[in-house]
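To start, the structure under review is shown below, and the notes come after it.
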Amino acid sequence: MPELSAINFFPEEWTNKVRCPICHSRYVEIQRFNAQPDQIHCPNCGVSFQIETKGNHIKFLETPINFYEGMKNRWVTRNEVEEAVKNNRNRNQDGKLQERAAKPVNAKPNPARAEAVRRARSLVQLKNNEDAIRAALKSSSSLSASEIEEIIKDAFSVYETQQKLQTRRVLIYSFAFILILIVFFIVLNVLF
């Protein structure tokens, strides 16, 4: 795997959009450190993590007691996290696995889910509303209602982030263009 890097700064509004990957709590906090990337902390379960710049991986820096230790301090995908959480739930209070066997943490990604994510994101780009996207995903995939809701939330969040970035770019280019025009007219006035 190529070297991954963490997002350095999380905007404050992310606390309203990010859910804890372990307990799915919507109340998370951003922790800021000098000369280190920001971390997201869940006070509910005690997990702290960083998000990779492309958003495909996360790195747990603090995990709950009895959580799968192999997940700590390495980049993992959402599928790996979901499997680890599922495996952790299959343990009884003594820490022993129950009768049914759990899938390994390094399970292969779910292609149906990946396709649903791509489809939801493209439907959001086409300005479809949540109900239309929900209906399209229900008819074309075998995902649960909670997975569909998570995919829809993710799609709108990605779209909103892209729109903010696009607006920022337009403002920067507009400012640069106006600045160039001002400098051009100043130079013309000085020369003539």
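If the condition is being more than 18 Å from TRP75 (Cβ to Cβ) and either assigned to a strand (DSSP E or B) or touching a residue at least 60 places away in the same chain (Cβ under 8 Å) (or both), then the stretch 20-40 contributes GLU29, ILE30, GLN31, ARG32, PHE33. Only a single item in (1) part of a loop (DSSP other than H, G, I, E, B); (2) closer than 19 Å to VAL158 by Cα; (3) at pLDDT below 85; (4) not hydroxyl-bearing (Ser, Thr, Tyr) is not met by PHE9, and it is number (3). Looking only at residues in the stretch 98-128 that are polar (S, T, N, Q) and either within 23 Å of ILE58 (Cβ to Cβ) or surrounded by 11 or more Cβ atoms within 10 Å (Cβ to Cβ) (or both), the one that is modelled with the lowest pLDDT is ASN106.
Is it the case that the stretch 44-59 has a residue that's under 25 Å from SER5 (Cβ atoms), modelled with pLDDT of 65 or more, among the hydrophobic types (A, V, I, L, M, F, W, C) and out of contact with any strand residue (DSSP E or B) (no Cβ under 8 Å at 6 or more places or on another chain)? Within the stretch 44-59, none of the residues are under 25 Å from SER5 (Cβ atoms), modelled with pLDDT of 65 or more, among the hydrophobic types (A, V, I, L, M, F, W, C) and out of contact with any strand residue (DSSP E or B) (no Cβ under 8 Å at 6 or more places or on another chain).
Only one residue in PRO37, PRO21, PRO2 is modelled with pLDDT under 80 and either farther than 21 Å from LYS153 by Cβ or in contact with a strand residue (DSSP E or B) (Cβ under 7 Å, 6 or more places away or on another chain) (or both), so which one is that? One residue alone meets the criteria, PRO2.
For the stretch 74-97, state whether one or more residues are at positive phi, out of contact with any helix residue (DSSP H, G or I) (no Cβ under 9 Å at 6 or more places or on another chain) and at pLDDT below 80.
Yes; the residues of the stretch 74-97 include at least one that is at positive phi, out of contact with any helix residue (DSSP H, G or I) (no Cβ under 9 Å at 6 or more places or on another chain) and at pLDDT below 80.
Let's see how each residue does on (1) at pLDDT below 95; (2) touching a His at 6+ places or on another chain (Cβ under 7 Å); (3) charged (D, E, K, R):
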site: GLU147; (1), (2), (3): yes, no, yes
site: GLU150; (1), (2), (3): yes, no, yes
site: PHE156; (1), (2), (3): yes, no, no
site: GLN162; (1), (2), (3): yes, no, no
site: ARG169; (1), (2), (3): yes, no, yes
site: LEU179; (1), (2), (3): no, no, no
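Restricting the search to the stretch 32-48, which residues are of a type in the set (A, V, I, L, M, F, W, C) and farther than 14 Å from THR15 by Cβ?
Residues of the stretch 32-48 of a type in the set (A, V, I, L, M, F, W, C): 33, 35, 40, 42, 45, 47.
Within the stretch 32-48, PHE33, ALA35, CYS45, VAL47 qualify.
The values are calculated or read from the model by the stated rules, or taken from the named source; none is laboratory data. Predicted, not measured: the structure shown is a model, and the values here were computed from it. FYI the Cβ positions are ideal-geometry reconstructions off the backbone, even for glycines, and counts take in every protein chain you see.
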